[in-house]
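Trainee: Structure below; questions to follow.
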Amino acid sequence: MTEQAGYYGKRRKWHSWGYEDEVISQAEVKEMAVRVGKRLGIDEPVVLSDPTLEEIELRESRISIPASLSSFVIQTNGIAFLIPTARASRT
């Protein structure tokens, strides 16, 4: 596990299909686009590149975390994250 990967191991691609360090060739992408295009009736499918994290903008959260959950959650830049070490014990 890398330092950047954090608690859950290797970082997944933004869409969760595979890992960031595992890429397919442009030839494979084009082949896949043609195959999907044929199924959908698209003559010339356009393939867009994956966005980077910096390109994705999330709106500010419309809810606030209740005080009773504040020890389980970190809220940064309007995004709430569950603290993995704050699991309730199962007895």
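Trainee: For segment 50-63, give me the residue count where each residue is part of a loop (DSSP other than H, G, I, E, B) and surrounded by fewer than 10 Cβ atoms within 10 Å (Cβ to Cβ).
Mentor: Start the filter on segment 50-63 by keeping residues that are part of a loop (DSSP other than H, G, I, E, B), which leaves 50-52, 56-63.
Cutting the leftovers down to surrounded by fewer than 10 Cβ atoms within 10 Å (Cβ to Cβ) gives us 52, 56-60, 62-63.
Of the residues in that region, 8 qualify.
Trainee: Could you count how many residues in segment 11-49 are over 30 Å from residue 80 (Cβ atoms) and surrounded by fewer than 10 Cβ atoms within 10 Å (Cβ to Cβ)? Full working, then the answer.
Mentor: Quick first cut of segment 11-49, residues over 30 Å from residue 80 (Cβ atoms) only: 23-47.
So of that shortlist, the ones also surrounded by fewer than 10 Cβ atoms within 10 Å (Cβ to Cβ) come out as 25-27, 39-41, 43-44, 46.
Residues in segment 11-49 being over 30 Å from residue 80 (Cβ atoms) and surrounded by fewer than 10 Cβ atoms within 10 Å (Cβ to Cβ): 9 in total.
Throughout, read-outs are computed from the coordinates displayed, never taken from laboratory work. Worth saying up front: this structure is predicted, and the values here are computed from it rather than measured. Positions of Cβ are generated from backbone atoms using ideal geometry, with glycine treated the same way; all protein chains shown enter the neighbour counts.
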